[in-house]
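Data block below; observations after.
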Amino acid sequence: MHRIDTATAQVDKFGAGKNGFTNGDPATGRRATDLNSDMWDAVQEEICAVIEQSGLDLNKDQHDQLYQAIIKIITSKIPDALLKKNNLSDLADKAIARTNLQLKSAATKDVTTSSHDVTAGRVLKVGDYGLGVSNGSVKSLASIYDITCSGEYNAMGSGTTSPTTGIPADSGNTRFAVYAGNIYSNQYLVTLTSNVHFYVGLVNTANKTATWSKFYNTFNKPSAPDVDAVSASNGGVFNKFVRFNEGLTLRGSKVGDAGMVGINFGADDASFNGANLLLQSWYGIGFYSSFPADAPRGVMGYIDVRMGRLAMKEQVIPGNYSNFDARYQAKGNYTPAGQAYTKAESDARFNLKNTASKAANGWEKDESTGIITQWGSGNVVNSAVSFPIAFPNNCASVQVTDAGNGKASFSAVRTKNGMTVYTNGTSPVYSWVAKGY
């Protein structure tokens, strides 16, 4: 096939290289386009080829053979073509067609018809059971027993104007996010969550019963009665035996604090060195009478813990007098004045008994003069060395001697509490004696 290319063709009539025909113009002398056999042979053979390729014989009396040929060719090339008007109902195997389109089992399922549709096998959409909701349109429950299936709901607390039936009585003025999980027929484990409250409950929608457990947090702290406790700020009552492993402090934070008042345990002893029970006070321990008939009497006795003195408004009566009998002479059965020394006379006439610590580093005290002698040995130099006991007033002298090869010399700087030894020797070993009072 080709376009007209005779000398009288209208050049580029339909665009560059696309010649066409012209009728000519006698007024201008322009000739009409000449036709030649090449052109018409090409047209004839193109049309005839289509008709013959379709299987039809050329028939000069039939003028729609080209149309028939086209229909026949189309029909033969796509014999299984689907018709638009049938809307895919003419598919021979719909399952294979879905597979070829990569459509899975959901392609044959119905979509849910409500936000909490319980029909089995339906396809979910955004918002079903509260999933994917971002505009607050989750289903609200007028009653907690309106739960129909697992999913998310909204509920109103007991303090709101329209509380949800079955909600915990102390749930307050708030909106809850409700999460329900089905465990048995008509039974759900339900959580109620707000910015303050958190509950977990078992809800039976058939029997219309609900049991709730409350969880506390930093925004919703329990009161003392909620957890069977005694309030630190409001006080309360311990109805049973209470044990304090670290003692009971009424003032101060620990043993030894200034001004501490409390009850603590001490050493397993009963002496001035310690006792099992220690009543601690920074000054006095009083015995207060609250007898209402006396309106009341007040402090009837006290212990001055600074002085170690017990004072009572009435008598102190022992249960056993043997201690008194052994220490005191009965009236009229003692040496009269003038025949016995007083304490002052005895102190003036007799020396006090000396005391000492007979150890490697020890001391001796003359109780009459108050002079203290201390001794010891060591090898620490250029650092403070403590005496076995501190001199109450003054360390008068210290002597340090070589206890090694006898060649090193020593000096010492003394205080009431100890001394610092200096030497010119190496690997020193020394003995020392200190005197003071």
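For this structure, a couple of remarks:
- Scan region 193-225 for residues that are touching a residue at least 60 places away in the same chain (Cβ under 8 Å), surrounded by 14 or more Cβ atoms within 10 Å (Cβ to Cβ) and farther than 13 Å from P168 by Cα and the total you get is 1.
- Of all the listed residues (V381, V385), the sole one being more than 14 Å from A434 (Cβ to Cβ) and within 60 Å of the chain's Cα centre (by Cα) is V381.
- Candidates A155, A142 - the one that is surrounded by 14 or more Cβ atoms within 10 Å (Cβ to Cβ) and under 20 Å from S194 (Cα atoms): A155
- Taking the criterion of being within 16 Å of K208 (Cα to Cα), hydroxyl-bearing (S, T, Y) and buried (at least 17 other Cβ atoms within 10 Å of the Cβ), the only residue of region 160-179 that qualifies is T164.
- Among the residues of region 417-437, those identified as out of contact with any Lys or Arg (no Cβ under 7 Å at 6 or more places or on another chain) and more than 20 Å from A360 (Cα to Cα) are Y422, T423, N424, T426, S427, Y437.
- Residue count, region 154-177 (criterion: touching a Lys or Arg at 6+ places or on another chain (Cβ under 8 Å) and in a loop (DSSP other than H, G, I, E, B)): 5
- Residue in region 363-379 that is part of a loop (DSSP other than H, G, I, E, B), on the phi > 0 side of the Ramachandran plot and of a type outside the set (S, T, N, Q) present: yes
- Within region 416-436, being part of a loop (DSSP other than H, G, I, E, B) and touching a residue at least 24 places away in the same chain (Cβ under 8 Å) holds for K416, N417, S427, P428, V429.
- Looking across region 177-198, the residues that are closer than 16 Å to N217 by Cα and touching a Gly at 6+ places or on another chain (Cβ under 9 Å) come down to T191, L192, S194, V196, H197.
- Residue, farthest from G235 (Cα to Cα), within region 178-224, restricted to residues that are hydroxyl-bearing (S, T, Y) and part of a loop (DSSP other than H, G, I, E, B): S185
- Filtered residues of region 119-139 (kept if surrounded by 12 or more Cβ atoms within 10 Å (Cβ to Cβ) and in a loop (DSSP other than H, G, I, E, B)): R122, L124, K125, G127, L131, V133, V138, K139
Yes or no, residue by residue, for (1) surrounded by 10 or more Cβ atoms within 10 Å (Cβ to Cβ); (2) under 20 Å from D304 (Cβ atoms):
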{"residue": "V227", "(1), (2)": "no, no"}
{"residue": "S231", "(1), (2)": "yes, no"}
{"residue": "G236", "(1), (2)": "yes, no"}
{"residue": "V242", "(1), (2)": "no, no"}
{"residue": "N264", "(1), (2)": "yes, yes"}
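- Selection status of T401, modelled with pLDDT of 90 or more, within 60 Å of the chain's Cα centre (by Cα) and not aliphatic (A, V, I, L, M): no
- Region 20-50: number of residues that are among the aromatic types (F, W, Y) and exposed (fewer than 13 other Cβ atoms within 10 Å of the Cβ): 1
- Filter pass, L141 being closer than 30 Å to D110 by Cβ, without any contact (Cβ under 8 Å) to a residue 40 or more places away in the chain and under 28 Å from the mean Cα position of the chain (by Cα): no
- Filtered by the rule that a residue be at pLDDT 75 or above and surrounded by fewer than 10 Cβ atoms within 10 Å (Cβ to Cβ), region 339-352 gives T342, K343, A344.
- Tally of residues being surrounded by 12 or more Cβ atoms within 10 Å (Cβ to Cβ) and within 30 Å of D5 (Cα to Cα) across region 55-94: 4
- Restricting region 119-138 to residues that are over 21 Å from S194 (Cβ atoms) and of a type in the set (A, V, I, L, M, F, W, C), the residue that is farthest from the chain's Cα centre (by Cα): A120
The values are calculated or read from the model by the stated rules, or taken from the named source; none is laboratory data. Nothing here was measured: the structure is a model prediction, and the numbers come from that model. FYI the Cβ positions are ideal-geometry reconstructions off the backbone, even for glycines, and counts take in every protein chain you see.
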